[in-house]
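Encoded as structure tokens, the structure appears first; notes follow it.
The values are calculated or read from the model by the stated rules, or taken from the named source; none is laboratory data. The structure displayed is predicted, hence computed values, not measured ones. Please note: Cβ atoms are built from the backbone with ideal geometry, for glycine as well, and neighbour counts cover all protein chains shown.
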Ligand code: G3H
Ligand code: ZN
């Protein structure tokens with residue numbers, strides 16, 4: 001199966017009442033691991049990579065790896081640009097075959113956020129690709145971007161923001177945190193308020209550490225996608241770290257990379273099944 005268009009993936013998820021996980025990849029091994037986890041679970045989701053990460057592996061390389069990783073699959077998988085930092089990144093990813101895009105201009109003042117998102121949405125919609133935008137800001141660490149303060153999404157701004165940006169999904173800030181914060185305080189009543197005024201489905205960033213019961217509750221209020229980054233990266237690093245702790249002369253990269261793919265794919269499979277258990 002080819003990488004699936006983001007609109008088709010969301011329609012499939014809504015038809016089958018699934019929540020779509022979006023798993024952050026970094027490289028070849030993590031990309032194959034994420035695909036393996038989704039395919040084994042027989043549940044849909046995204047492979048995603050953040051703008052920040054594209055310094056390491058450019059969109060064309062990630063896109064080719066992802067296409068190869070899903071070519072025998074019968075499970076729909078999309079390829080998503082996460083936290084797209086610029087129109088240039090958006091354009092490059094669309095041109096490289098990404099099937100879903102986030103433009104993250106949430107660090108800009110409101111009107112500039114709208115302008116940046118609108119520009120990206122117009123470009124992506126020419127190619128029939130959905131756009132995620134963020135209103136509000138999350139605390140925590142997303143790769144090497146650290147944001148100390150969070151500003152929760154203001155329900156009174158949602159309708160105007162969605163209308164004027166043309167975004168197809170909205171990433172919200174409701175107490176979710178980037179990074180391994182083990183007890184994020186998710187504000188479900190706020191999510192309910194946002195859902196009541198949003199004409200588009202909602203996205204939760206900072207999935208690592210959010211209890212499954214909270215995710216199942218959030219599903220009632222428009223949640224369609226939840227992002228996981230730290231949880232998988234931890235599995236990847238743990239594989240190499242434990243080997244090194246055992247033997248400081250460890251140098252069998254091939255064996256450890258295969259083990260890392262196993263560990264990451266197992267975690268991805270666990271997560272996609274957990275969020276869709278209910
Ligand atoms: O965009 C990526 C996710 O929001 C990562 O969040 O590292 O807390 O799972 P997480
Ligand atoms: Zn995020």
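Taking only pairs six or more apart or across chains, which ones have beta-carbon atoms under 6 Å, a first residue in segment 101-118 that is over 20 Å from residue 140 (Cβ atoms) and away from ligand 2 (no atom under 16 Å from the Cβ), and a second residue that is modelled with pLDDT of 95 or more and part of a helix (DSSP H, G or I)?
Pairs found: 114/164; 114/165; 118/165.
Is there a residue in segment 116-127 that is touching a helix residue (DSSP H, G or I) at 6+ places or on another chain (Cβ under 6 Å) and modelled with pLDDT under 95?
Within segment 116-127, none of the residues are touching a helix residue (DSSP H, G or I) at 6+ places or on another chain (Cβ under 6 Å) and modelled with pLDDT under 95.
Quick check on my filter: what residues within segment 138-155 are within 12 Å of ligand 1 (Cβ to nearest atom) and either at pLDDT below 65 or part of a strand (DSSP E or B) (or both)?
139, 140, 141, 142, 143, 145, 147
Does segment 157-173 include one or more residues that are surrounded by 24 or more Cβ atoms within 10 Å (Cβ to Cβ), at pLDDT below 95, within 14 Å of ligand 2 (Cβ to nearest atom) and closer than 25 Å to residue 99 by Cβ?
No - not one qualifying residue is present in segment 157-173.
Just name the residue that is farthest from ligand 1 (Cβ to nearest atom) out of those in segment 176-199 that are part of a loop (DSSP other than H, G, I, E, B) and surrounded by 21 or more Cβ atoms within 10 Å (Cβ to Cβ).
Ranking the qualifying residues of segment 176-199, first place goes to 198.
Of all residues in segment 67-106, which are farther than 24 Å from residue 27 by Cβ, within 18 Å of the chain's Cα centre (by Cα) and surrounded by fewer than 16 Cβ atoms within 10 Å (Cβ to Cβ)?
Residues satisfying the conditions do not exist here.
Please go through segment 119-129 and pick out each residue that is outside any loop (DSSP other than H, G, I, E, B) and touching a residue at least 40 places away in the same chain (Cβ under 8 Å).
Answer for segment 119-129, where residues must be outside any loop (DSSP other than H, G, I, E, B) and touching a residue at least 40 places away in the same chain (Cβ under 8 Å): 121, 122, 125.
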